[in-house]
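Below is one structure, written out as structure tokens; the observations come after it.
Each reported figure results from applying straightforward, stated rules to the coordinates on display, with no laboratory input. As the structure is a prediction and not an experimental result, all values here were calculated from the model. In this analysis, Cβ positions are derived from the backbone assuming ideal geometry, glycine residues included, and neighbour counts consider all displayed protein chains.
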Amino acid sequence: MSVKVSVIGLGYLGATHATAMAELGHQVIGVEVDSKKFDLLSQGQIPFHEPGLQDAFAKHLSAGNIKLTQNFDSDVASADLHFICVGTPQRQGSDAADTSYVMASAKALASHLRPDAVVAGKSTVPVGTATELQKVMSEIAGFDVNLVWNPEFLREGTALEDSLRPDRIVVGAWNEHSLDVIKTAYAPILNLGTPFLVLDVPTAELVKVAANAFLATKISFINAMAEVAEVSGADAVSLAKAIGYDERIGNKFLRTGIGFGGGCLPKDIRGFMARAEELGVGSAVEFLKDVDAINLRRRDRVVALAKSELGDVRGKRVTMLGISFKPDSDDLRDSPALEIAQRLSREGAEVTVHDPVSLSALSEKDPSLGRESELVEAVREADLVILGTEWKQYKDADPELLGSLVATKTVIDGRNVLDVDRWQAAGWKVIALGRSIQNA
Ligand code: UDX
């Protein structure tokens, strides 16, 4: 059965969710108040790189399954289900999440709501936010608003696939009617046998931050082992493989390297600590301070390794391979590769960045860094090459060819993806995080 849905906020989460809802056969109205984003979307352009999303979004837009508006107009008011998908970035000058966009869109929506409509929050919020929103919206609407919390677990790079085939759907609800509407919207996914977890609202809010905190902890755990490996002659990559065979530990999210970045894990663990502090249980998640610190120390480590290779970095040519926080994305938010490139540049190195899709995002974010779209040109005359993002193109690159172009055959593999034997055979000095590699 088709439902009329509105999706409020067409950033990463919203644009993906709107497309997924259209794929599931629903009529979608997308609300985007930012004029620049709205104009691009209206032309069928997704303003970020996400495999498969552009084509699917444009297809549904031209078929009229997705309509767009900048206002909470009558079309929005007629929807049965409204998804709030706006961002909750880290607040300026604080660790806490900025929930002002969620609050503003909930308030704007409240005066247009039908009493039987359901509002589903998908944004990642501090626990307790939904209760406050429900109260504020009900006061404006003049009736008890049906609010549910329905966190989203999509990953950048596989966002649409994750939305259409999630490993679970989590909903925190206060009443049966809300659940019925949500179930109708997700029916094609539920019919595949996808686990559907009905929780109380605070638990649903907490599931998302808890999941991200756990994932961040796993990555920082293996990066802490890398720190120990680096001073003891052990190998953190082999260690990860060996412990990962234990099913209780598992081998996912144990890739050691320059650590996690992006628009979710870093700000979510900080927001979680800030919220726990407010609730008087800061010590319960104090360990996340270490998770954050271990993660950031990996960036220091690469800068230190670069300096020890280059001596005085001033005027030295450094090539950064990959600048996004992960492959298949042009997201530069809290990107470890970007921070390392900026730090070396600030210290006087001439940094050239190569990335298959992120150079235009980089020119907006930091035009001071050199950009080169051809890999062979990017490495020409380099005194040091650093692999910052594990794009397949770099794993497959020919070390013989690249070696013939650089000034010095030294590479720091920040993601532990290069075939060390092959690169060494081509005459490279390979430095990797958490590994003691013998170079000739
Ligand atoms: C994350 C969560 O995985 C997703 O469920 C949530 O909805 C949003 O936040 P995302 O930010 O897209 O998704 O990226 P993810 O795949 O989790 O990777 C995050 C960062 O961790 C990347 O910088 C990645 O390079 C790094 N990472 C990941 C590691 O350093 N090692 C690993 O083993 C895995």
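With a simple spin-label model that places each label point 7 Å from the Cα along the Cα-to-Cβ direction, the separation between residue 395 and residue 39 comes to 4.0 nm.
Its relative contact order, with pairs defined as Cα atoms under 8 Å and 6+ residues apart, puts the chain at 12 percent. Distance between the pseudo-spin-label points of residue 314 and residue 380 (7 Å out from Cα toward the beta carbon): 2.7 nm.
Does the range 191-241 come out rounded, prolate or oblate, given a ≥ b ≥ c as the square roots of the eigenvalues of its C-alpha gyration tensor, rounded meaning a/c under 1.5 and, failing that, prolate meaning a/b above b/c? Please list the in-between numbers first.
Numbers: a/c = 7.80, a/b = 2.49, b/c = 3.14.
The shape class here is oblate.
Quick one: work out Rg over Rh on the C-alpha atoms of the range 50-143, Rh as Kirkwood radius. Could the numbers behind the result be given before it?
Working: Rg = 15.3 Å, Rh = 15.0 Å.
Answer for the range 50-143: 1.02.
Classify the range 202-335 as rounded, prolate or oblate from the Cα gyration tensor: take a ≥ b ≥ c as the square roots of its eigenvalues, call it rounded if a/c is under 1.5, otherwise prolate when a/b beats b/c and oblate if not. The partial results should precede the final answer.
Values: a/c = 1.88, a/b = 1.44, b/c = 1.30.
Taking the square roots of the gyration eigenvalues as a ≥ b ≥ c, the range 202-335 is prolate.
Within the range 257-290, which GluC sites (Glu not before Pro) sit in a loop by DSSP and count at most 16 neighbouring Cβ atoms inside 10 Å? Passing sites in the range 257-290 are 286. For residue 82, the residues whose modelled amide H falls within less than 5 Å of its own, excluding neighbours fewer than 5 places apart on the same chain, are 6, 118, 119, 120.
Rg to Rh for the range 361-417: what is it, with Cα atoms only and Rh by Kirkwood?
Details: Rg = 11.9 Å, Rh = 12.3 Å.
Rounded to two decimals, Rg/Rh equals 0.97.
The largest-to-smallest principal axis extents of the Cα set in the range 271-316 are 50, 15, 9 Å.
If the limit is 29 Å between Cα atoms, which of 241/365; 4/36; 135/208; 36/267; 67/252 go over it?
Numbers: 241/365 36 Å; 4/36 26 Å; 135/208 22 Å; 36/267 25 Å; 67/252 38 Å.
As for pairs spanning more than 29 Å Cα to Cα, those are 241/365; 67/252.
Taking only Cα atoms and a 10 Å spring cutoff, compute GNM fluctuations for the chain and point out the largest among 309, 23, 176. Most flexible of the set in this elastic network: 176. In terms of overall dimensions, the C-alpha atoms belonging to the range 125-244 reach 66, 33, 22 Å along their principal axes, ordered largest to smallest. The alpha-carbon atoms of the chain, seen along their principal axes, cover 73, 47, 42 angstrom, with the largest extent given first.
Counting only residues at least eight positions apart within a chain, or on another chain, the lysines with an alpha carbon under 18 Å from that of residue 307 are 316, 409, 429. Computed packing ranks the peptides 375-381, 33-39 as 375-381, 33-39, most packed first, by mean other Cβ atoms within 10 Å.
Site pair residue 300 and residue 73 shows an inter-label distance of 5.4 nm when each label is modelled 7 Å from Cα along Cα→Cβ.
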